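Here is the structure we will look at, set down as structure tokens.
The values are calculated or read from the model by the stated rules, or taken from the named source; none is laboratory data. This one's a predicted model, so the numbers in the text were calculated from it and none came from an experiment. Note that we place each Cβ from the backbone using ideal geometry, even for glycine, and neighbour counts take in every protein chain shown.
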Amino acid sequence: MILYFSATGNTKYVAERLAAELGDSALNLLERIRKKDYSPIRSEKPFVVCSPVIVCEMPRFFLSYLRRAVFSGSRDLYFVFTSGGYAGISGQQGRALARKKNMRYMGRAELTMPRNYIASDAFPELTREEIEGRIREAAGHIPDIAATIRAGGKLTARHVWLFEPLITLPFNPVWSRLMHRTRDFHAGDQCISCGKCERCCPVNAIRMEGGRPVWTRRTCAHCMACIQSCPAGAIEYGLITAKKQRYRFEKYRYAAEER
């Protein structure tokens, strides 16, 4: 069973490709997360968790859900992470999760995909060629990942040095509290009141009021699902995102099929 959360389609693509390669099914956990549905998930095949990386770790809401969810059947647990180039301590988090659930940690793979974080000027925008190149390269690794899982082998990724969790673990809670604020999110006049932003928010931070989205929590995950999924391009984050391109994997799917 392939379990995943995806904000802008990168992780969804990887999960569905792995499911196709393995003759397995892919389960989008978004609605379960939103509804706090922790009912058992059963699979006789290995569990494969596909997760994006936010600020060097698994999204906090996603990891929290996985800790409480009940897995039955197979005791093997693989992880595949998609990031903008650095997966941080996500692998250690996966190992700890497997230990907590008394499952066998079967390793991790890390795929570099196009960044979707546009609520900061710290990350330069990628060109179309860079986006296509990242997608092509990541897509090319998926058959090998699937082959390792099919054979019951262990996935291997880069070594994580001790200083990485020592920095990340105390830093990330502070960063999330101070930098993942919602107050700068707003919808412009081109909003079509479709409510997609409300439905795609994994932490239920958006509520439609008078046909417009209102951010009801002080902080959120900053997963960018709302701003990147808006069909009208109406959502902005302060003035930072005004002239930035929006990213959805589907716009560039062709690159994955050009291998």
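Residues checked against (1) under 20 Å from R17 (Cα atoms); (2) exposed (fewer than 12 other Cβ atoms within 10 Å of the Cβ); (3) basic (K, R):
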| position | (1), (2), (3) |
| --- | --- |
| I89 | no, no, no |
| N102 | no, yes, no |
| T112 | yes, no, no |
| D121 | no, yes, no |
| G133 | yes, no, no |
| P143 | yes, no, no |
| V160 | no, no, no |
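Does L111 satisfy being closer than 24 Å to F62 by Cβ and free of Cβ contacts under 8 Å to residues at least 60 places away in the same chain? It is false that L111 is closer than 24 Å to F62 by Cβ and free of Cβ contacts under 8 Å to residues at least 60 places away in the same chain.
Of everything in the range 117-131, what is assigned to a helix (DSSP H, G or I) and either touching an Asp or Glu at 6+ places or on another chain (Cβ under 8 Å) or of a type in the set (V, I, T) (or both)? Give them in sequence order. Of everything in the range 117-131, just one residue is assigned to a helix (DSSP H, G or I) and either touching an Asp or Glu at 6+ places or on another chain (Cβ under 8 Å) or of a type in the set (V, I, T) (or both), namely I131. Of all residues in the range 149-172, those being modelled with pLDDT under 75 and of a type in the set (V, I, T) number 2. Taken together, G94, G85 contain a single residue that is crowded, with 18+ Cβ neighbours inside 10 Å and closer than 20 Å to I145 by Cα, which is G94.
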